[in-house]
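Remarks on the structure that follows.
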Protein chains: 2
Amino acid sequence: MSPIIVHGVPGSPYVRMPLLACEEKGAPYRLAAMPFGTTKTPEHLARHPFGRIPVIEHEGFWLYEADAIIRYVDQVFPGPSLTPSDPKAQARMNQVMGIVDCYVAPPVLGIGFNRIVAPMFGLPVDEETIAKGVEPATVAVRALEKLLGNQPYMAGNSVSLADLMLIAQLDMFPATPEGAKIMKGSSLLGWIDRMRARPSVQATDTQKLMAAAQRA
Amino acid sequence: MSPIIVHGVPGSPYVRMPLLACEEKGAPYRLAAMPFGTTKTPEHLARHPFGRIPVIEHEGFWLYEADAIIRYVDQVFPGPSLTPSDPKAQARMNQVMGIVDCYVAPPVLGIGFNRIVAPMFGLPVDEETIAKGVEPATVAVRALEKLLGNQPYMAGNSVSLADLMLIAQLDMFPATPEGAKIMKGSSLLGWIDRMRARPSVQATDTQKLMAAAQRA
């Protein structure tokens, strides 16, 4: 099958999601790297009317929305299924995917961006966003611990799309002072270790992707 | 199979989603109506750590997140499938579900709540939220028109989970002055008419649900 072309800014957790899915499936892909700050150009708005990333292109089929993209990659490529067949396990996967979008991303990205990305680019650090993120991020982490329970992965014994979405958002979080405090002693730290041991997570490491894009 | 018990506040578009799915599937269900303003009680937080609605209970299995719930209902009950089997059509369904959550709900609920619900309950009308919602709601409506194209439903010839999520959010919108203006001449008006002709949409009419809850 032809490769998936992923349009997006390297370093974005949302762009990392389809890359993770392609790596897990062994699906061919190419990252068409967009420079930082180009998501609202007319060229990109023609691909994505909301001016967000990622967008994929596959054999003439264009698709945006990270959740829809990784489900599509899982469905059309051979390789290990990233969706549990048991309806209750599949429901947990879908639930965690929803939680990541609605409850994890806003506070965790707010804290991660201001503690890690902003200083890296010399941008102002918004302490108010950080402070406001602590309580909702804590609630989200506790809810995910409860859903993880004693399972190795979020939806059971095998990695699923939920794990891919979550690691993309949570990978940098323990490196922030707020994240370190919230996650101290959390069962999610063991889960992060398991995810980081996967070749998919290593191949899509944020620093590595950003460095590769700068070389290209 | 045992009925699905849906915990939620009648009138909420998110609570309407599982009801619509159960109606379409012919699945037995019961709405365990919660009074307005009770989503942050200890009792409800034990069911839903983020204090939102709906939550379902099915044969001892508890689940929150509307998207995960309607996928579960579609999967475990017999009746017409609400998920297209073709991968590209399924991707469109998932894409529209993501668009509804990320881009439709925030501005459309902001406008709908302040123009319709707030006056009904004598609450203050937040004109700033309304004004801020006009541009993003317009972008979302135009994007959905493009995805609908000449199809009768959002993901093709049959109704899918995407249509159910979208009608729950969009049903009241044309009744607001801002919604009427944005949707004037829109192909989505024909889609709304098709959806309103469905018994599932009629059975879960917001006014009807609210009246039934007050009688109970």
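Some observations on this one:
- Take each residue in A:43-50, count the other chain C-beta atoms within 10 Å of its C-beta, and the mean is 2.
- Computed on region B:87-199, with alpha-carbon pairs under 8 angstrom and 6+ residues apart, the relative contact order is 33 percent.
- For the peptide B:82-92, the mean number of other protein chain Cβ atoms found within 10 angstrom of a residue's Cβ is 3.
- In sequence order, calculated HN-Hα J values of region A:159-175 (Karplus, 6.51, -1.76, 1.60; Hz; x Gly/Pro): 5, 9, 4, 4, 5, 5, 4, 5, 5, 4, 8, 9, 3, 8, 4, x, 7
- Cα-based radius of gyration for chain B, normalised by 2.2 N^0.38 Å, reads 0.99.
- Per residue of A:62-74, other chain Cβ atoms within 10 Å of the residue Cβ number 5 on average.
- The calculated 222 nm mean residue ellipticity attributable to helices in chain A amounts to -16000 deg cm²/dmol, summing -39500 (n - 2.57) over DSSP H runs of n ≥ 4 and dividing by all residues.
- Long pairs among A:Lys132/A:Lys184; B:Lys25/B:Lys88; A:Lys40/A:Lys208; B:Lys40/B:Lys184, criterion Cα-Cα beyond 27 Å: B:Lys40/B:Lys184
- Pairwise centroid distance, computed over Cα atoms, of region A:69-144 with region B:40-65, Å: 20 Å
- Sparsely packed loop sites in region B:1-98 (the chymotrypsin sites (Phe, Trp or Tyr not before Pro) outside DSSP H, G, I, E and B with at most 14 other Cβ atoms within 10 Å) comprise B:Phe36.
- Backbone HN-Hα couplings from phi across region B:88-96 [Karplus 6.51/-1.76/1.60, Hz, Gly and Pro as x]: 6, 5, 5, 5, 5, 4, 4, 5, 5
- Charged side chains reduced to their Cβ positions (Lys and Arg at +1, Asp and Glu at -1) give region B:87-199 a dipole of some 440 debye around its Cα centre.
- Derived scalar couplings ³J(HN,Hα) [region A:34-48; Karplus, 6.51 cos²θ - 1.76 cosθ + 1.60; whole Hz; x for Gly, Pro]: 9, x, 3, x, 10, 7, 9, 6, x, 4, 6, 4, 5, 8, 9
- With K and R counted +1 and D and E -1, the other residues having a Cβ less than 13 Å from that of A:Gly185 yield a net charge of +2.
- Viscosity 1.002 mPa s, 20 °C: Kirkwood-radius Stokes-Einstein D of region B:1-43 over Cα pairs, µm²/s: 194 µm²/s
- Rounded to the nearest 20 debye, the dipole magnitude of chain A is 260 debye, with +1 charges on Lys and Arg beta carbons, -1 on Asp and Glu beta carbons, and the Cα centre as origin.
- Under a 5 Å amide H cut-off, with hydrogens placed 1.01 Å from N, A:Ala32 pairs with A:Val6, A:His7, A:Gly8 among residues at least 5 apart or on other chains.
Every read-out reported here was derived from the displayed coordinates using simple, explicitly stated rules and does not represent laboratory data. In this text the structure is predicted, and so the values were computed from the model without any measurement. All Cβ positions, glycine included, derive from the backbone under ideal geometry; neighbour counts span all protein chains shown.
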